[in-house]
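To start, the structure under review is shown below, and the notes come after it.
We did not get these values from a lab; they are worked out from the coordinates using the rules stated. On a predicted model such as this, the values are computed, not experimentally measured, just so you know. When we count neighbours, we look across all protein chains shown, and the Cβ atoms used for this are built from the backbone with ideal geometry, even at glycine.
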Amino acid sequence: MPGRTTKKATPPTASSPTRTRKKAAKEPDYLIALLVDGTGIYASWKISDSLYGKILRKALTDYHGDPYLFLQVTAVDTGGPAELEDIPVYGRENRWHIFTTGAMAGRRVVVRLSYQTAKGKRENVLQSTEIDIPLGDEALVAILNRPILHDEHRLRLYEASGIREQHAPTSPSLSSP
Amino acid sequence: MGKGRRRKGPAARLVLVLHAHLPYARIPEERFPAQELWLHQNIAECYIPLLRAMERLAGDGVHFPLTISLSPPLVAMLGDGYYRRKFADYLDCVTALARAHATPDGGALSAALSHLADRLGETRDWWNTADGDLAARFRLLSERGAITLVTTTATHALLPAYRFSSALERLQIRTGQNVFACAFGPAPRGLWLPEMGYHAGLDGLLRDCGVEYTFLEAHAAYHAEDGPEHGNFMPFVSETGLAIFPRELRLSGAVWAHRVGYPGDARYREFHADHTWRMSEHELARIGLERMPLGIKVHRITGNEVPREPYDHREGEAAAREHAADFVARIRGRAAEVAPLLGRSPVFTLPFDMELFGHWWHEGPVFLEELARLADRAGDIAFVTPEELLREGIDSRGRPAESSWGKSGYFDTWLNPACLHAYSIIAELGGRLFARRPNARTLTAYRQAAAEIMLAQSSDWPFFIAWDRFADYGRARLDEHITAAARILAGIETGELDDDYVRTRVERYPLFAASSIESII
């Protein structure tokens, strides 16, 4: 409706997923994002009946009546663009693999599950905890070479560390590879 | 004092950390189930030989301050009469079998069997003297200042897999601290992060739980934008005040790597060849045993595709001493390489699984004892504890990067596709647990539900599955604990508790029965 003030977006709730589950223990909502390795994040989510009902009341829906859902990777630190990835997804309960990009390297990010409202806005419904995306080799060398922030020995220390050749040792024991 | 007369500081200081952990298993229906044999073999080959070496060193006045992490499942098993009885039975069986196969003129193999029997006999004597209480011996060494004890999470959970729930992480950390405090006294200042798994923000949670320091993989010191100035060659402090001791790779690689490291030397005892397989089923049956790898190891590594030769303990121990001398030289060389880059002498943090020394690498305890004596005599290499360095003050600051040890340096061994779904299920179970408070009627069940969730969180199960070693067992344990937690929680939620079922579970997995878990939650 023209001129009508859109109701303020509900702040993301799943930054404390435990609290969400406490409120509705039998019907949990969650968005779990796990850094699996240097190149990927595994995200899985579940939307409860009550939350799904709220979404449907405001969402733009497709032919089947399902809302348009998105996983967004958003930086929460400073020093660069905030919106790093926006992936259309589907399902009240689903999982997704997000490939990390060069723009994410070295950034502290969160993953958010959002939907598109009938008015064309995005509303966040669930949010993960923070993840520090590791630096890739290229970004690492660029940072280590920066003379203002880091002394010149740091790159040499990195080269001396043996990380490049022997990224992570394996141990033969039961618990540790 | 003139400059020339000033006593020179050590060329390098080393923080040597041994982390001991075995998955909790209790199978009373069987005499020697494989899962309990892991414990028996490690007690006989690793924990007792290391304790004996440390006691000798302390008795001789050799300063060798190891930092030792003992996992709560291991502490629980070491303190339980059930395992002590079974270990004594195991030791007697294996000694008798080794002795029976060692004929007086049977050549080198018999000599190896005879030596093994003698060695196990000495182990039995020490065990009797210690009254089977290994935890007490660790505590005694700690009280004498010979070692520093730290703890780890309750069931060896990889915390980055539970980053979505600080409540689950806190439960693991605080329960681990409580188990430690019950066994060893005051809460430890340090905590070993299982698999050295670290994620953004974990430093703050650890500090909230009273943890002052931990150990991380080398790249934790480089793969974040605001990494520490001295890389992985000095400890550093995170912005929340957690001291981090990053691993040194090249030196630790010389010790652990089975192909290029010391343990691959052909003079050492072979881990995989077990003489029990050569014994007749009839003979084993006579003493009530089935054929299984009991740990009668009497061959040396020899080489690939050639018949294995009998083990000669004199050669093996000589090799360990040679390697200790070589390691001292490597430490000096490494210090000479990095000190000019640092502008000071380095601190090398060398963390290992304790079970490497003695179990996987039979001569490992000899190596460590010799290393201690050589360093003590040389004077230019000093072993220190994290707490000594904390007292001195750590001036380097930085943000640690997310990391773990393991093949890629991240979490994919444990967050493997076959296990990922389990983390979501555990998240839901955790939510249901935290949404309830126990009352007098439900307290036992509530504690056991928490114990089952924590047992499901053990990093051992995804590790077994990822590496296809005991994969079926890993899957079975994961399923077992998830199912038990779900069933007990459902009983609490509906008010229809199955007390017999809860009692059965407490009897099988009693390791946290006495912990007031509800006070942590």
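Quick look at the values:
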read-out	value
37 °C / 0.692 mPa s Stokes-Einstein diffusion coefficient of the protein assembly as shown, Kirkwood radius on C-alpha pairs, µm²/s	121
For segment B:38-83, radius of gyration divided by Kirkwood radius, i.e. Rg to Rh on alpha-carbons	1.04
Extension gain (nm, one decimal) between B:SER516 and B:ASP89, 0.36 nm per residue minus Cα-Cα	150.4 nm
Chain B, relative contact order [Cα under 8 Å, separation at least 6], %	21
Entries of A:LYS46/B:LYS407; B:LYS297/B:LYS407; A:LYS54/A:LYS119 with Cα pairs more than 26 Å apart	A:LYS46/B:LYS407; B:LYS297/B:LYS407
Per residue convex hull volume, Cα atoms of segment B:399-470, in Å³	120
Förster radius 60 Å - calculated FRET efficiency between A:LYS119 and B:ARG144 (Cβ-Cβ, nearest 0.05)	0.25
If the convex hull is drawn through the Cα atoms of segment B:278-353, its volume per residue in Å³	164
Debye intensity ratio in log₁₀ form over the Cα atoms of segment B:443-518, taken at each q of 0.15 Å⁻¹	-0.51
Computed label-point distance, nm, for sites B:ARG437 and B:TRP467 using a 7 Å Cα→Cβ extension	4.4
Share of pairwise Cα separations in segment B:1-159, more than 27 Å, in percent	38
Taking B:ASP460, B:ASP326 and counting other C-beta atoms within 10 Å, the order from fewest to most	B:ASP326, B:ASP460
Contour minus Cα-Cα distance for B:GLU493 and B:SER110 (0.36 nm per residue)	131.7 nm
Per residue, the convex hull volume that the Cα atoms of segment B:346-452 enclose (Å³)	251
Estimated distance in nm for a label pair at A:ALA82 and B:LYS407, the labels positioned 7 Å out from Cα along Cα-to-Cβ	4.0
Chain B - Rg over Rh from alpha carbon coordinates, Kirkwood radius	0.97
Sites B:ALA100 and B:ASP131 - FRET efficiency at Förster radius 41 Å, r taken between beta-carbons, to 0.05	0.90
